[in-house]
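Participant: Shown below is the structure under consideration.
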Amino acid sequence: MADKITVGYTHLSGCTGCTVALADNYAGLLTLLDKYVDLKYMPTLADARHIQKVDVSFVEGSVCINDKLAVEEIKETREKSAVVVALGGCACYGNITRFSRGGQQNQPGHEAYLPIGDLIKVDVFIPGCAPTPQLIRNVAVMAYLLLKGTKEQKDLATAFLKPLMAAAAEGNSACFCDLMTKVINQGLCMGCGSCAAACPVNAITMEYGKPQGERDLCIKCGACYHQCPRSWFSFDVVSNYEAINEAIMAALQ
């Protein structure tokens, strides 16, 4: 039995799509829970619902600042976690919840939402709406190797997680405008269409080999920018790609 890391899962305001993406790992999720992860709390998968002290906390959803309990939960999550991971567009950037105006029949008092990074320090971003199951799985494996692995495994985990940590350090806003200013306007776009494929609301279309964004449809989830291979290029990952992939696959055997 491996020396497991302790993990918690804080669920705030969101659609639960990130939980579905996590569950879509199927056998990979079972392997993680069996060999590497001691899941201390999670509303849908664990009996314990109260926040506990853990090595890594995954946070899904944004924070409703009209909800005192939600604000207290995210602060408690930070206090009791060595590493906080923002999982999905809502936790990273606010996503569709930024457009909430209140007055909804089921939650009439909930009208203002913020990404978790506006209230606490976040160590790692896993962007997307929802993130791919494989990325969630890989981050979990690399978190284990970073905390419990050999020196070589820790070096590979550091290389893999570095871009995700850099994304957390960049700030709590990302949209097609970032893709335009940081990639397209720099002459870096190669017309691959990854951004259009990643957009959950079809706000991006490919016109004559270049992406075009519809501002009125954009929900600012950051999926397009972070899906772009030119925004994510990392020498640390590229130079260690085969070794990183082998380490992940070996861990899941």
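Bear in mind that the values in this text are calculations on the coordinates, not laboratory data. In this text, all values refer to a predicted model and were calculated from it rather than measured experimentally. No Cβ is skipped: glycine too gets one built from the backbone with ideal geometry, and neighbour counts run over all protein chains shown.
Participant: Given DSSP loops and a limit of at most 11 other Cβ atoms within 10 Å, what is the longest stretch of the chain that contains no such trypsin sites (Lys or Arg not before Pro)?
Facilitator: My reading of the result: 122-214 is the longest stretch.
Participant: Another question about this same structure. If you take the charge dipole of the stretch 138-253 about its Cα centre, with +1 on Lys and Arg Cβ and -1 on Asp and Glu Cβ, which of Cys195, Asn240, Met165 is farthest toward its positive end?
Facilitator: The one lying farthest along the dipole's positive direction is Met165.
Participant: Test of understanding: what is the full-extension gain from Asp47 to Lys210, defined as 0.36 nm times their sequence separation minus their Cα-Cα distance?
Facilitator: Full extension from Asp47 to Lys210 adds 53.8 nm.
Participant: In percent, how large is the relative contact order of the chain, given Cα pairs closer than 8 Å and 6 or more residues apart?
Facilitator: Over the chain, the number comes to 19 percent.
Participant: Which option, (i) 268; (ii) 128; (iii) 278, is the value of volume of the Cα convex hull per residue in Å³ that was calculated from these coordinates?
Facilitator: Computing volume of the Cα convex hull per residue in Å³ and matching it to (i) 268; (ii) 128; (iii) 278 gives (ii).
Participant: Normalising by the residue count of the stretch 176-234, find the relative contact order in percent from Cα pairs under 8 Å and 6+ residues apart.
Facilitator: Relative contact order for the stretch 176-234 comes out at 40 percent.
Participant: How much length, in nm to one decimal, is gained on full extension between Gln186 and Val20, taken as 0.36 nm per residue of separation minus their Cα-Cα distance?
Facilitator: 56.2 nm
Participant: Just to be sure I understand: of the beta bridges DSSP finds with both ends in the chain, what percent are antiparallel, rounded to 5?
Facilitator: Working: 7 of 25 bridges.
So the antiparallel bridges in the chain amount to around 30 percent.
Participant: In nm, to one decimal, how far is the modelled label at Lys121 from the one at Phe233, with both set 7 Å along Cα→Cβ?
Facilitator: Spacing of the two 7 Å Cα→Cβ label points: 3.2 nm.
Participant: When the helix-only estimate is applied to the chain (DSSP H runs of n ≥ 4, each -39,500 (n - 2.57), divided by the residue count), what is the mean residue ellipticity at 222 nm, nearest 500 deg cm²/dmol?
Facilitator: When only DSSP H runs of four or more count, the value is -10500 deg cm²/dmol.
Participant: Tell me, Leu217, Leu156 in order of fewest to most beta-carbon neighbours within 10 Å?
Facilitator: Ordered from fewest to most neighbouring Cβ atoms within 10 Å, Leu217, Leu156 come out as Leu217, Leu156.
Participant: Something else: Give me the number: length gained by fully extending Glu170 to Thr132, i.e. 0.36 nm times residue separation minus the C-alpha to C-alpha distance, one decimal in nm.
Facilitator: 11.5 nm
Participant: Work out the length of the dipole vector of the stretch 116-156 about its Cα centre, built from +1 on the beta-carbon of each Lys and Arg and -1 on the beta-carbon of each Asp and Glu, and round it to the nearest 20 debye. Let's see the in-between values first.
Facilitator: On the way: 5 positive and 4 negative charges, 31 e Å.
Result for the stretch 116-156 is approximately 160 debye, rounded to the nearest 20.
Participant: Near Asp236, within a Cβ-to-Cβ distance under 10 Å, what is the net charge of the other residues, with Lys and Arg +1 and Asp and Glu -1? List each step's numbers first, then the result.
Facilitator: On the way: positive: Lys162; negative: Asp155.
Overall, the nearby charge balance is 0.
Participant: Further, regarding this structure: Given +1 on the Cβ of Lys and Arg, -1 on the Cβ of Asp and Glu, and no further charges, what dipole in debye does the chain carry about its Cα centre, rounded to the nearest 20?
Facilitator: Approximately 200 debye in magnitude.
Participant: In Å and whole numbers, how far do the C-alpha atoms of the stretch 176-234 stretch along each principal axis, longest first?
Facilitator: Here the Cα extents, ordered largest to smallest, are 28, 24, 18 Å.
Participant: Moving on to the next point. For the pairs Lys40/Lys121; Lys121/Lys210; Lys53/Lys220; Lys35/Lys154, note any where the Cα-Cα span goes beyond 29 Å.
Facilitator: From the list (Lys40/Lys121; Lys121/Lys210; Lys53/Lys220; Lys35/Lys154), the Cα-Cα distance tops 29 Å for Lys121/Lys210; Lys53/Lys220.
Participant: Can you find, among His11, Val84, Tyr144, the residue farthest towards the positive end of the dipole of the chain? Put +1 on the C-beta of Lys and Arg, -1 on that of Asp and Glu.
Facilitator: So the residue furthest toward the plus end is Val84.
Participant: Quickly work out the Ala112-to-Lys75 label distance, labels modelled 7 Å from Cα along the C-beta direction, and quote it in nm with one decimal.
Facilitator: 1.5
Participant: Report, in debye and to the nearest 20, how large the dipole of the stretch 38-98 comes out about its Cα centre when Lys and Arg carry +1 and Asp and Glu carry -1 on their Cβ.
Facilitator: Details: 8 positive and 9 negative charges, 28 e Å.
Using Cβ point charges on Lys, Arg, Asp and Glu, the stretch 38-98 gives about 140 debye.
Participant: Okay, moving on. Tell me whether the stretch 131-191 comes out rounded, prolate or oblate; compute the Cα gyration tensor, take square roots of the eigenvalues as a ≥ b ≥ c, and use a/c under 1.5 as the rounded threshold.
Facilitator: The shape class here is prolate.
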